[in-house]
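Please read the structure below before turning to the comments.
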Amino acid sequence: PKGNFDAVVVYKLDRFARNRYDSATYKTKLKKLGVKVISATENISDSPEGIILESVLEGMAEFYSQELSQKVKRGMNESAIKYNTLGGQAPLGYKIVDKKYVIDETTAPIVREAFELYAQDVPVVRICERFNSRGLRTSTGNEFNKSSFARMFKNKRYIGTYIYKDKEFENAIPAIIDKDLFKQVSEKIIKITEGPARGKAKVDYLLAGKIFCGMCGEVMHGTSGTSKTGRIYNYYVCLDTKICI
């Protein structure tokens, strides 16, 4: 509201806005409210010369900002060409050595076992229980949950694929899982999450494939039923209805 304060003090003008357009827009809005923008480290007067100096400083700040952005993108592109890591946490089963993905032989067996168990139709909730009971942990040191495996089973890095933005490079990093096993697990996930819902759905089941049964841990899909009055009810069920209903 107008009159609450007289000025906005910034360390430098380049801290006030991301570019000259935003700076001019915000300053205009503040000016209408009678509020000045003051730089604590840049002595800029209210004279015509000060207006020119302020414009030059803001232009240089935007130039350096865009130049830095270009350098960062260039550096990331060069790292991607070499299949180097670009920061962040390495997936479970890998460790980073000299900016390269290297198989961590202490945790890679966990990944292999998870894929093999799921391919053998062991529910995710049972895999969680098995791993957590043995004191095994995720790459971030947390206990396993259903989300841990949802990410793991879709991670193409485990078959040696390096991913950068929308590009994929096969056989670029050491593989932990062979492609046949990965394909088997992927097909199972697609079959469970999409098949039943598509086959029965006359409505959009937005949560199909995204929620899990609290008893067996399997993915739930959309279905419907008709009551004695002829009314249709839409709801979610898991695949193992004989056990969980």
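The values are calculated or read from the model by the stated rules, or taken from the named source; none is laboratory data. Model, not experiment: these values are computed from the prediction. Note that we place each Cβ from the backbone using ideal geometry, even for glycine, and neighbour counts take in every protein chain shown. When the accessible area is computed, the model is the full protein with side chains, heavy atoms only, and any ligands, DNA or RNA have been set aside. Shrake-Rupley method; radii C 1.70, N 1.55, O 1.52, S 1.80 Å.
Please name which of Thr106, Cys128, Tyr83 has its Cα lying farthest along the dipole of the range 80-142 towards the positive end, using unit charges on Cβ (Lys, Arg +1; Asp, Glu -1) and the Cα centre as origin.
Tyr83
With a 1.4 Å probe and all protein chains kept in place, how much accessible area does Ile51 have, in Å² rounded to the nearest 10?
Counting only protein heavy atoms, the figure is 110 Å².
Got a number for the accessible area of Ser139? Probe 1.4 Å, square angstrom, nearest 10.
Here the residue's solvent-accessible area equals roughly 50 Å².
What whole-number value in Å² describes the accessible area per residue of the range 16-168 for a 1.4 Å probe?
Spelled out: the 1.4 Å probe surface of the range 16-168, per residue, equals 64 Å².
Using a Cα-Cα cut-off of under 20 Å, which lysines could be cross-linked to Lys95, ignoring same-chain neighbours fewer than 8 residues away?
Filter leaves Lys82, Lys154, Lys156.
Could you go through the range 27-33 in sequence order and give the Karplus-derived ³J(HN,Hα) for each residue, using 6.51 cos²θ - 1.76 cosθ + 1.60 with θ = phi - 60°, rounded to whole Hz, and x for Gly and Pro?
Here the 3J(HN,Hα) series is 5, 5, 5, 5, 4, 5, 9 Hz.
Arrange the residues Lys188, Lys73, Lys156 by how much accessible surface each exposes, largest first, with a 1.4 angstrom probe.
Lys73, Lys156, Lys188
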